[in-house]
Amino acid sequence: MCQAAGAAVDLLAKDYWDQPVAFLEYDVNADFPSRSSRWWAAYGGNQANTPLIMVDSGNQISNGLVDFYNVYKGMVDASMARPAQAGIQAYAWRDGDKVGFYVQVENGSGVALSPANDATVHGIVYEEIRAGVTNRYVRAAVATSITSLNDGDKGTFTFESGDLSGVNWDKLHYIVLVDYLPAGSPGAYDMLQAAPAILLPAPFEVQP
């Protein structure tokens, strides 16, 4: 992400501080295939100009030089006008140098979620730090597939990140989201819902 785009994103983060929106910065060269693949699937090509911007797992994308603030604001406003299509209850905890996630998903999309539409639960770890050009820098992005979740049903998912190093654990935050590839889409995925994960002092334990 270029400095001008980063400045626009930081300004938007201030404008939407009291709204359910997260503005996150990824290193375009980092190994986060569960997220970067969504942008490229929506783009449909193999070459693009940075910055690469994505909203809702690829429902909207942008790249290259644009009117950063106004273009990104329009994308965010369009996203916020859409109803959520899943419910999420999520928890995260530190396990050594890894982050564990426990996620309960209630499917309200109207379709069955499965490998047939590449339905996926994602866990994202970001740090409040000026490591790039914004103050919200992603340190890990992991995912697990939804094997079968019919409309109206609930499912639970547990997974963890790889080892994190060189981070300030007191500055880390955790987000969970669910996305899938809608029927008839030429390639763009769509997000059903996203939510912050509640930080726990120890691994989540399911009560009998």
Within region 63-90, of all residues that are open to solvent by less than 40 Å² (accessible area, probe 1.4 Å) and in contact (Cβ under 8 Å) with a residue 60 or more places away in the chain, the one farthest from Gly152 (Cα to Cα) is Phe68
Restricted to region 1-12 and to residues being open to solvent by 40 Å² or more (accessible area, probe 1.4 Å) and of a type in the set (A, V, I, L, M, F, W, C), the residue farthest from the chain's Cα centre (by Cα) is Ala4
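Count, please, the residues in region 125-134 that happen to be touching a helix residue (DSSP H, G or I) at 6+ places or on another chain (Cβ under 8 Å) and surrounded by 18 or more Cβ atoms within 10 Å (Cβ to Cβ).
2
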Selection from region 174-208 of residues buried (at least 22 other Cβ atoms within 10 Å of the Cβ) and more than 16 Å from the chain's Cα centre (by Cα) yields none
Reported set for region 135-166 where residues are farther than 30 Å from Ala183 by Cβ, buried (at least 17 other Cβ atoms within 10 Å of the Cβ) and either among the β-branched types (Val, Ile, Thr) or touching a Gly at 6+ places or on another chain (Cβ under 8 Å) (or both) is Ala140, Glu160, Ser161
Of (1) touching a Ser or Thr at 6+ places or on another chain (Cβ under 7 Å); (2) polar (S, T, N, Q); (3) at pLDDT below 95, Gln207 satisfies every one except (1)
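Here is a yes/no grid of residues against (1) of a type in the set (S, T, N, Q); (2) at pLDDT below 95:
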| residue | (1), (2) |
| --- | --- |
| Gln47 | yes, yes |
| Thr50 | yes, yes |
| Ser57 | yes, no |
| Asp67 | no, no |
| Tyr91 | no, no |
| Lys98 | no, no |
Of the residues in region 13-60 that are in a helix (DSSP H, G or I), within 17 Å of Gly132 (Cβ to Cβ) and touching a Phe, Trp or Tyr at 6+ places or on another chain (Cβ under 8 Å), the one that is most open to solvent (accessible area, probe 1.4 Å) is Ser36
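Considering only residues that are within 11 Å of Phe159 (Cβ to Cβ), touching a Gly at 6+ places or on another chain (Cβ under 8 Å) and either without any contact (Cβ under 8 Å) to a residue 24 or more places away in the chain or not charged (D, E, K, R) (or both), which ones fall in region 91-108? Explain how you work it out, then say what you get.
Our first condition is that a residue be within 11 Å of Phe159 (Cβ to Cβ); within region 91-108, this holds for 92, 98-103.
Restricting the remaining residues to those that are touching a Gly at 6+ places or on another chain (Cβ under 8 Å) gives 92, 98-99, 101, 103.
The answer is Ala92, Val99, Phe101, Val103.
The values are calculated or read from the model by the stated rules, or taken from the named source; none is laboratory data. From a predicted model like this one, the values you see are computed outputs, not experimental measurements. Here Cβ is always computed from backbone atoms with ideal geometry, including for glycine, and neighbour counts include all displayed protein chains. Side chains included, ligands, DNA and RNA excluded: accessible areas come from the protein's heavy atoms. Shrake-Rupley method; radii C 1.70, N 1.55, O 1.52, S 1.80 Å.
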